[in-house]
Amino acid sequence: MSPEILLNARNLVKTYPLRNGVVSAIDDVSFDIAKGETLGLVGESGCGKSTLGRVIMNLLSLDSGELLFKGQNLSQLAPPELRRWRRHFQMIFQDPFASLNPRATVRRILEEPLIVHGVRGARERQERVDWLLERVGLRLDMADRMPHEFSGGQRQRIGIARAIALNPELIICDEPVSALDVSIRAQVINLLIDLRQDFKLTYLFISHDLSIVRHIADRVAVMYLGNLVEIAPRSRLFSSPAHHYTQALLDSFPV
Ligand code: ADP
């Protein structure tokens, strides 16, 4: 039986306006992500990885192309409908500090998606927040603190708790450990691996760090100047890259 496709991306194009012209950040990109798989997305800085993640999250609009989530074309949805679908896909950002409201307590930050998506009972929300904190390895008494009172690794755990709050199916991890101390990267990666297993999550894992991608991804997509030049199972990609750019990338990065 072929695997269930969670996300189809078809001929995605995204440009940014410049003073005299446009820059093409994603230039006709197509790929699928199967349910339960982790697709690594690698490529040098500026090749379009973050733009692709943000386009999938609908944080940026496409110039053209189609995104189908479980067969539903997201660009055809009216805003209220899109909001309902959005609970199924979430994002973990590189810089947890910038992505967390600095004036809100952790409880407030974690309650927000629950409120937006209609979890009405205060008690139900409190129980969910406590469960989330525990699940990402934070203490319950931390709920009343503000983001600046946490270490970088703890802040990323808050970001992860927020991402899983609504039981999503797809999580886009955009360089989720790049801003963290090397000593705690492995802990956060292991948390993401545990959560993937426990909740059957699907990840698009964006990283410039090939050793992390080799550790976590099932397949790897290689991006170069807005194009996907190769997409292959992890072991094949690392042992016998088909595209000369992938080879150059591997050569420049000791895994
Ligand atoms: P990556 O995540 O791989 O570093 P990005 O998606 O951030 O790449 O950027 C892809 C290209 O789009 C780069 O050339 C970058 O300079 C350009 N770009 C990204 N964001 C903007 C923006 N807001 N306005 C104009 N150009 C942008």
Query raised in the report: Going by the conditions given, is G40 part of a helix (DSSP H, G or I), on the phi < 0 side of the Ramachandran plot and in contact with a strand residue (DSSP E or B) (Cβ under 9 Å, 6 or more places away or on another chain)?
Result: no
Query raised in the report: Do we find a residue being within 16 Å of the ligand (Cβ to nearest atom) and more than 22 Å from the chain's Cα centre (by Cα) anywhere in segment 221-239?
Result: no
Report task. Return the residue satisfying two criteria in turn: it lies in segment 169-179 and is away from the ligand (no atom under 16 Å from the Cβ) and open to solvent by less than 10 Å² (accessible area, probe 1.4 Å), and of such residues it is farthest from the chain's Cα centre (by Cα). Result -> L170
Query - Tabulated pairs, segment 159-171, first touching a residue at least 24 places away in the same chain (Cβ under 8 Å) and farther than 16 Å from F69 by Cβ, second open to solvent by 10 Å² or more (accessible area, probe 1.4 Å) and among the basic types (K, R), C-beta under 8 angstrom, 6+ apart or interchain - result: A161/R135; I164/R135; A165/R128
Query raised in the report: Can you find even one residue in segment 244-255 that is in contact (Cβ under 8 Å) with a residue 40 or more places away in the chain, crowded, with 18+ Cβ neighbours inside 10 Å, assigned to a helix (DSSP H, G or I) and under 16 Å from the mean Cα position of the chain (by Cα)?
Result: no
Report task. Filter segment 14-51 for residues that are within 11 Å of the ligand (Cβ to nearest atom), among the small types (G, A, S) and under 23 Å from L210 (Cβ atoms) and give the result. Result -> A25, G43, S45, G46, G48, S50
**Report entry** Within segment 52-89, tally of residues that are within 16 Å of the ligand (Cβ to nearest atom), free of Cβ contacts under 8 Å to residues at least 40 places away in the same chain and open to solvent by less than 20 Å² (accessible area, probe 1.4 Å)
**Finding:** 0
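Table: residues versus (1) assigned to a helix (DSSP H, G or I); (2) modelled with pLDDT under 95; (3) in contact with a Cys (Cβ under 7 Å, 6 or more places away or on another chain).
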position	(1), (2), (3)
A9	no, no, no
V22	no, yes, no
G53	yes, no, no
L60	no, yes, no
G65	no, no, no
Query raised in the report: Regarding V229, is this residue outside any helix (DSSP H, G or I) and in contact with a Lys or Arg (Cβ under 6 Å, 6 or more places away or on another chain)?
Result: no
**Report entry** Tabulated pairs, segment 227-241, first among the hydrophobic types (A, V, I, L, M, F, W, C), second assigned to a helix (DSSP H, G or I) and open to solvent by less than 70 Å² (accessible area, probe 1.4 Å), C-beta under 6 angstrom, 6+ apart or interchain
**Finding:** V229/Y245
**Report entry** Test: residue in segment 213-220 that is crowded, with 16+ Cβ neighbours inside 10 Å, over 20 Å from I5 (Cα atoms), at pLDDT 95 or above and within 15 Å of the ligand (Cβ to nearest atom)
**Finding:** yes
Query raised in the report: How many residues does segment 113-151 hold that are touching a residue at least 40 places away in the same chain (Cβ under 8 Å), under 25 Å from R185 (Cβ atoms), open to solvent by 30 Å² or more (accessible area, probe 1.4 Å) and under 22 Å from the mean Cα position of the chain (by Cα)?
Result: 2
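The values are calculated or read from the model by the stated rules, or taken from the named source; none is laboratory data. All values derive from a computational prediction rather than experimental measurement. So basically every Cβ, Gly included, is an ideal-geometry build from the backbone, and we count neighbours across all protein chains shown. Remember, those area values only see protein heavy atoms, side chains included, never the ligands or the DNA or RNA. Shrake-Rupley method; radii C 1.70, N 1.55, O 1.52, S 1.80 Å.
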